[in-house]
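The values are calculated or read from the model by the stated rules, or taken from the named source; none is laboratory data. From a predicted model like this one, the values you see are computed outputs, not experimental measurements. We place every Cβ from the backbone using ideal geometry, glycine too, and count neighbours over all the protein chains shown.
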Amino acid sequence: MMNKTIQEALNWASSFLAERELEQPVAEWLLRHYLQMSRTQLLMSLREPLAEDIFLRLNEDLNRHASGIPVQHIIGYEEFFGRRFEVNEHVLIPRPETEELVVQVLERKKAIFHTRPIKLVDVGTGSGAISITLALEDPTIDVRAIDISSDALTVANRNGNKLGANVTFTHGDLLQPLIKVKQKVDVVVSNPPYIPLTDAKTLMTHVRDHEPHLALFGGEDGLDLYRRFMEELPKVLNETGIVAFEVGVGQAEVVRKMLADVFPNAITEIKVDINGKERMVSAFGNMTVRAI
């Protein structure tokens, strides 16, 4: 049998995915992974023959993906902020929209604290994508990351070591590790579980059956973790600070009101992501709490 060219294999794989209403870029991601090529290198090599064993591997992995396994679990990583993060069934796969949360935190930190060293905590760190990226992008930030999952922290630690990030990883529930030792921070950032349990049946099988439910679901209405944050944030935030959350679709105004109620002197803000959806909510400035 004559070997297919890379272009022919890519066309075949794209048709395979389209017929099953799956994302067609998966074919390119798999081929780039096998061949260890950048996108530019792959496009420049389209007329070259593809080894038969690589094509058979492509066929096998596409069928695995069609059965519900995320492509990131097949190749073992996801790109975030231009860096490669290991992912598996114990951590949420980082989404491109979360990169915008990181950018917002970096910009807000620069505007409020300028070059002054600060303490920041990333709650529910998962793979460590947010905490590690912040530590690498701004080494003046003293970064701590917390997760309730020991398995997730193992992955985050490996990512931190591979990428050379100075992050302190801590096992614990929300902000409890800081509250217990009465440690204060300047910034709290989190992409907590926010999917309502009532939406579970509507999720794609790649998400519902292969990503950790602990990192996906936030109670019946998806807001359980934000409610807990409102109780714990005043115990850890310094007087001048930043809180930055990622939220689910339709939750932004509710979470903003929660923050405004707890921190009446702070500026609260909702920002849209690249898709025009309200996905980032923050409070910043004077974080003194409402008198009871």
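Could you count how many residues in the range 147-159 are part of a strand (DSSP E or B) and modelled with pLDDT of 95 or more?
In the first step, residues of the range 147-159 are kept if they are part of a strand (DSSP E or B); the result is 147.
From what's left, modelled with pLDDT of 95 or more: none.
Residues meeting the conditions: 0.
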>> Restricting to the range 71-81, give me the number of residues that are in a helix (DSSP H, G or I) and free of Cβ contacts under 8 Å to residues at least 60 places away in the same chain.
In response: 4
>> Quick check on residue 162: is it of a type in the set (D, E, K, R), under 17 Å from residue 246 (Cα atoms), out of contact with any Ser or Thr (no Cβ under 8 Å at 6 or more places or on another chain) and not in a loop (DSSP other than H, G, I, E, B)?
In response: no
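Quickly run through the range 49-65 and pick out the residues that are among the hydrophobic types (A, V, I, L, M, F, W, C) and buried (at least 16 other Cβ atoms within 10 Å of the Cβ).
So the first thing to find is which residues in the range 49-65 are among the hydrophobic types (A, V, I, L, M, F, W, C), and the list is 50-51, 54-56, 58, 62.
Those that are among the hydrophobic types (A, V, I, L, M, F, W, C) and buried (at least 16 other Cβ atoms within 10 Å of the Cβ): 50, 54, 55, 58, 62.
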>> Just the residues that are crowded, with 22+ Cβ neighbours inside 10 Å, modelled with pLDDT of 95 or more and either closer than 21 Å to residue 277 by Cβ or of a type outside the set (Gly, Ala, Ser) (or both), please, taken from the range 244-266.
In response: 244, 245, 259, 263
> Failed condition for residue 142, given (1) under 19 Å from the mean Cα position of the chain (by Cα); (2) assigned to a strand (DSSP E or B), with all others met?
Replying inline: (1)
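Residues in the range 24-48 that are surrounded by 15 or more Cβ atoms within 10 Å (Cβ to Cβ) and either over 19 Å from residue 75 (Cα atoms) or not aliphatic (A, V, I, L, M) (or both): how many?
First, pick out the residues of the range 24-48 that are surrounded by 15 or more Cβ atoms within 10 Å (Cβ to Cβ): 26-35, 37, 42, 45.
Those still in the list that are either over 19 Å from residue 75 (Cα atoms) or not aliphatic (A, V, I, L, M) (or both) too: 28-29, 32-34, 45.
Matching residues across the range 24-48 total 6.
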> Out of all the residues in the range 156-192, which are farther than 22 Å from residue 223 by Cβ and either outside the structural domain of residue 246 (by TED's automatic domain parsing) or among the small types (Gly, Ala, Ser) (or both)?
Replying inline: 156, 160, 164, 165
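Are any of the residues in the range 116-130 surrounded by fewer than 19 Cβ atoms within 10 Å (Cβ to Cβ) and of a type outside the set (Lys, Arg)? Explain how you work it out, then say what you get.
Within the range 116-130, the subset surrounded by fewer than 19 Cβ atoms within 10 Å (Cβ to Cβ) is 116-117, 119.
Subset that is of a type outside the set (Lys, Arg): 117.
Checked the range 116-130: at least one residue is surrounded by fewer than 19 Cβ atoms within 10 Å (Cβ to Cβ) and of a type outside the set (Lys, Arg).
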> If you take the residues in the range 82-108 that are in contact with a Lys or Arg (Cβ under 7 Å, 6 or more places away or on another chain) and part of a helix (DSSP H, G or I), which one is surrounded by the most Cβ atoms within 10 Å (Cβ to Cβ)?
Replying inline: 104
